[in-house]
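Q: My questions all concern the structure below.
We did not get these values from a lab; they are worked out from the coordinates using the rules stated. For clarity, every value in this text was computed on a predicted model and none was experimentally measured. Cβ placement follows ideal geometry from the backbone for every residue including glycine, while neighbour counts extend to all protein chains displayed.
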Amino acid sequence: MSSFLSRLRRHKLLLAFLPALIFLFCSVFYYEINHSFVAFCDTVFRNEITENTLNLHYTLENPEILNLSDPDVSFGSMNPEVLADSFSQQNIYLEKLFKFPKDWLSTKNRLTYDILTSAFSLQAEGEKYLLYDEPLGPSLGTQAQLPVLLAEYSFHNKKDIETYLALLSGLPEYYDSILQFERTKSAAGLFMDASVAQGVIDQCDAFLKTGDQNILFTTFDSRIASLNFLNETEKEKYCSLNRKALASYVIPTYRKLSKGISALKDSSKNTLGLCYLPDGKNYYAYLVKDTTGCYDSVETIFKRIQSQLVKDIHTLRQIAQKNPQLFSDSGDEMLKTVNDQISSDPKAILNDLKRKMAEDFPEIADVTYEVKYVEKALEDYLSPAFYLTAPLDNRNQNVIYINPKIGYRGLDLYSTLAHEGYPGHLYQTIFSNDSGIRPVRSLTNFGGYVEGWATYAESFAYRYYQPETTDGQFAWLNRSLNLCIMSLLDTGIHYNGWNQARCATFLSQLGVTDTAIQQEIYQVIVEDPANYLKYYLGCLQFLDLQQEARELAGDAFTLRDFHKKVLAIGPCQFPVLKQAVITSYSS
């Protein structure tokens with residue numbers, strides 16, 4: 001009996017400790033799983049970020065903080081075989097991700113898991129469309145964007161300068177890989193439209209004609225002159241090395257690229273939308289997902305944009321009935337008067353935006369930034385304005401570029417700086433980075449979130465600039481309608497097969513009857529498929545998410561809180577963003 005009671009007491013003791021043992025086991029398992037997941041993410045980041053020196057430099061000011069060894073200096077490669085290998089590596093990453101038990105990950109890690117699995121899965125789907133990609137283009141192509149990125153390459157020490165010069169010496173190999181890629185595209189019947197190719201040739205030729213005023217001459221000399229860790233002899237040495245590198249590598253490379261594209265120009269098999277290419281309709285559906293981060297069908301997207309067009313036109317008609325002067329010559333005079341009242345100083349405008357946005361957007365700690373103007377030689381080929389993203393480890397390295405050729409002033413300048421600065425790109429980048437986003441997420445490009453947010457944020461500027469009148473609402477509706485029309489044309493041309501005549505009919509119905517303008521719009525859409533959707537569809541996704549959050553939160557809803565949730569999650573696919581935001585309101 002005593003033996004039985006003794007065993008019973010031991011069993012009771014064991015049962016008493018069992019919950020504690022289970023808790024201890026779960027805690028250890030939870031820690032190990034999350035620790036392993038973070039280590040995996042950091043390994044992926046290290047592996048991928050070192051493949052491209054330019055990406056590494058713009059992502060991290062001090063790569064040594066992640067114990068990165070000195071990687072080879074390289075722009076990467078567009079060699080089709082190298083690109084195929086990268087798809088294989090991403091599939092390996094995806095297999096490893098799926099081995100992590102998602103339910104055991106922390107909220108933050110689960111978000112990263114969802115973002116990465118979705119991104120790698122979509123990239124795996126895109127492997128069959130490898131040769132449909134287009135690295136070149138008159139305004140958004142590599143050959144147009146790269147000089148600006150090199151011109152903004154910051155020098156914090158001598159190693160940065162030497163890495164930069166090594167990059168210039170690697171430009172011929174990189175552009176040779178692009179030409180090889182273009183030749184492979186040509187052989188497959190997928191080469192760009194001849195007019196787009198001519199735009200690339202013209203841009204290369206314009207770059208070559210700048211001589212001593214070339215952006216890579218002038219900006220390098222000025223950057224070197226400002227460095228206090230170099231003596232005069234060292235400064236002269238580096239400037240001399242840069243001139244030699246430009247003469248030996250850069251100029252000959254752009255000349256070779258121009259000739260190479262000229263030789264391929266007439267091999268184009270298609271002057272219409274992507275849907276006229278083999279499997280082009282499916283490729284466009286994939287491209288929209290990849291570019292915008294919206295996973296709805298193209299048909300659903302078209303209907304959503306179409307409904308917004310109807311809504312905006314209806315609102316404009318209501319404004320016209322109440323304010324007919326806005327649609328007359330006196331309306332133009334009113335807008336001119338308002339524009340004259342707005343400062344032309346970008347920093348004064350940005351400070352005004354920061355002050356007025358405080359009620360609608362959460363505060364961030366102050367950062368420093370510069371506003372610069374595009375070099376004259378590149379005015380014809382670069383965007384009207386753009387923001388160069390701050391490195392993850394230096395929130396004060398922000399640059400906003402404005403293209404003087406556009407002639408921004410008044411409300412146009414005000415809204416553009418809202419898009420690029422506050423509460424747009426600069427503000428979103430700093431807020432999201434300050435929220436502790438995993439570095440691995442910087443490897444993925446979520447254009448729909450980033451450009452959609454900037455467009456959504458820009459809409460507030462039209463209300464801020466003159467809150468007591470309907471002028472701002474009227475101006476934003478015009479902006480929204482323009483983006484809406486371009487987005488409908490994008491899906492019409494590249495998915496539904498609209499030719500130039502069909503597009504002209506569509507534009508004429510909306511009051512755009514100038515033939516030259518119709519042709520220009522058609523060519524812009526043909527050149528950069530899905531580009532406008534990043535901005536407009538992305539903006540609509542934020543508006544739709546805001547409406548859903550309002551319905552869930554009821555009277556407790558505030559824009560400030562909604563924006564805080566969206567920004568803290570950071571750039572990602574819209575299905576992932578929606579799930580995270582809605583969950584936060586439902587819990």
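Q: What dipole magnitude, in Debye to the nearest 20, does the chain give about its Cα centre under +1 on Lys/Arg Cβ and -1 on Asp/Glu Cβ?
A: 1740
Q: Grab the Cα-Cα distance for His156 and Asp393, subtract it from 0.36 nm times how many residues apart they are, and report the gain in nm with one decimal.
A: That pair, His156 and Asp393, stretches by 84.0 nm at full extension.
Q: Counting Lys and Arg as +1 and Asp and Glu as -1, each charge on the Cβ, what is the dipole of segment 478-587 about the Cα centre in debye, to the nearest 20? Walk me through the intermediate numbers first.
A: Working: 8 positive and 10 negative charges, 58 e Å.
Around 280 debye, computed over segment 478-587.
Q: Run through the DSSP bridge list for the chain and note the antiparallel percent, rounded to the nearest 5.
A: Antiparallel bridges: around 50 percent, rounded to the nearest 5.
Q: Hey, if you put +1 on the Cβ of every Lys and Arg and -1 on every Asp and Glu Cβ in the chain, which of Gln397, Gly199, Ser435 ends up farthest toward the positive end of that dipole?
A: The Cα lying farthest towards the positive end belongs to Ser435.
Q: Quick one: if you stick a label point 7 Å off each Cα along the C-beta vector at Asp412 and Gln318, how many nm between them?
A: Roughly 2.9 nm, to one decimal.
Q: If you don't mind, another one. Hey, what does the equivalent ellipsoid look like for segment 47-176, semi-axes from the Cα gyration tensor as sqrt of 5 times each eigenvalue, largest first, whole Å? Write out the running numbers ahead of the final one.
A: On the way: eigenvalues 173, 91, 35 Å².
Gyration-tensor ellipsoid for segment 47-176: 29, 21, 13 Å.
Q: Continuing with this model, one more query. What FRET efficiency comes out for the pair Ala553/Lys209, r = Cβ-Cβ distance, R0 = 56 Å, nearest 0.05?
A: Efficiency, rounded to the nearest 0.05: 0.45.
Q: Further, regarding this structure: Using R₀ = 35 Å, calculate the FRET efficiency as 1/(1 + (r/R₀)^6) where r is the Cβ-Cβ separation of Ser297 and Ser435; round to 0.05.
A: With R0 = 35 Å, the Cβ-Cβ based efficiency is 0.65.
Q: Right, another one. Per residue of segment 552-563, what does 6.51 cos²θ - 1.76 cosθ + 1.60 with θ = phi - 60° give for ³J(HN,Hα)? Whole Hz please, x for Gly and Pro, Karplus curve as stated.
A: Taking θ as phi minus 60°, the curve returns 6, 7, x, 5, 7, 5, 9, 4, 4, 5, 4, 5 Hz for segment 552-563.
Q: While we're here: Above 16 angstrom, tally the Cα pairs of segment 538-586 and express them as a % of all pairs, no decimals.
A: When every Cα pair of segment 538-586 is considered, 27 percent fall beyond 16 Å.
Q: Mind checking Rg over Rh on segment 115-200, alpha carbons, Kirkwood formula for Rh?
A: Taking Rg over the Kirkwood Rh, I get 1.07.
Q: Could you give the nm distance between label points at Tyr31 and Glu125, where each point is 7 Å from its Cα heading toward the beta carbon?
A: The modelled label-to-label distance comes out at 4.0 nm.
Q: Sticking with this structure for a sec: Given the options Val44, Leu510, Thr315, identify the residue whose Cα lies farthest towards the positive end of the charge dipole of the chain (+1 on Cβ of Lys, Arg; -1 on Cβ of Asp, Glu).
A: Val44
Q: Among 409-418, 194-203, what's the highest-first ranking by average C-beta atoms within 10 angstrom per residue? Don't jump to the answer; show the numbers that get you there.
A: Working: 409-418: 22.1, 194-203: 19.6.
Averaged packing, sorted descending, gives the order 409-418, 194-203.
Q: Next question, about the same structure. Based on the mean of other beta carbon atoms within 10 Å per residue, what is the order of 163-169, 447-453, 35-41, 484-490, most packed first?
A: 447-453, 484-490, 163-169, 35-41
Q: Per residue of segment 486-503, what does 6.51 cos²θ - 1.76 cosθ + 1.60 with θ = phi - 60° give for ³J(HN,Hα)? Whole Hz please, x for Gly and Pro, Karplus curve as stated.
A: Rounded to whole hertz, the list is 5, 6, 5, 5, 4, 5, x, 6, 8, 10, 9, x, 5, 8, 5, 5, 5, 5.
Q: Tell me the mean residue ellipticity at 222 nm calculated for the chain from its helices only (DSSP H runs of n ≥ 4, each -39500 (n - 2.57), averaged over every residue, nearest 500).
A: Details: 24 runs with 381 residues, N = 587.
The helix-only estimate for the chain comes to -21500 deg cm²/dmol at 222 nm.
Q: Still on this structure, please answer the following. Report, in listed order, any pair from Lys99/Lys159; Lys96/Lys158; Lys159/Lys372; Lys405/Lys564 with a Cα-Cα distance greater than 32 Å.
A: The pairs that break the limit, which is 32 Å between Cα atoms, are Lys99/Lys159; Lys96/Lys158; Lys405/Lys564.
Q: Where Rh denotes the Kirkwood radius from the mean inverse Cα pair distance, what is Rg over Rh for segment 23-121? Before the final figure, lay out the partial values.
A: Details: Rg = 15.8 Å, Rh = 15.3 Å.
Computed over Cα atoms, the ratio is 1.04.
Q: Give the aspartates and glutamates whose C-alpha is closer than 15 Å to that of Lys354, dropping any in the same chain fewer than 8 places away, or say none.
A: Asp345, Glu363, Asp366, Glu420, Glu458
Q: By how many nm would the segment from Tyr276 to Gln325 grow when fully extended, if each residue of separation counts as 0.36 nm and the alpha-carbon distance is taken off? Please list the in-between numbers first.
A: On the way: separation 49, 0.36 × 49 = 17.64 nm, distance 4.57 nm.
Result: 13.1 nm gained on full extension.
Q: Scan segment 151-220 for trypsin sites (Lys or Arg not before Pro) in coil per DSSP, keeping those whose Cβ has at most 14 other Cβ atoms within 10 Å, and list them by number.
A: On the way: sites: Lys158, Lys159, Arg183, Lys185, Lys209; in loops: Lys209.
Here the trypsin sites (Lys or Arg not before Pro) that fit, given the DSSP loop and packing criteria, are Lys209.
Q: Mind checking Rg over Rh on the chain, alpha carbons, Kirkwood formula for Rh?
A: Details: Rg = 26.8 Å, Rh = 26.5 Å.
My calculation of the ratio gives 1.01.
Q: So, R0 is 35 Å and r is the distance between the beta-carbons of Arg255 and Ala187; what FRET efficiency does that work out to, to 0.05?
A: For R0 = 35 Å, the calculated efficiency reads 0.90.
Q: How many angstrom separate the Cα center of segment 357-376 from the Cα center of segment 460-491?
A: Their Cα centres are 21 Å away from one another.
Q: Under a plain spin-label model, where a point goes 7 Å from the Cα along Cα-to-Cβ, how far apart in nm are Asp514 and Asn47?
A: With each label point 7 Å from Cα toward Cβ, the separation is 5.3 nm.
Q: To the nearest Å, what is the center-to-center distance of segment 540-562 and segment 174-234, using C-alpha atoms only?
A: Cα centres, segment 540-562 to segment 174-234: 45 Å.
Q: So how many Lys-Lys pairs in segment 162-263 land under 23 Å Cα to Cα, not counting same-chain pairs under 8 apart? Present the calculation step by step, with values, prior to reporting the outcome.
A: Details: Lys185/Lys256; Lys185/Lys259; Lys209/Lys244; Lys209/Lys256; Lys209/Lys259; Lys235/Lys244; Lys244/Lys256; Lys244/Lys259.
For segment 162-263, qualifying lysine pairs total 8.
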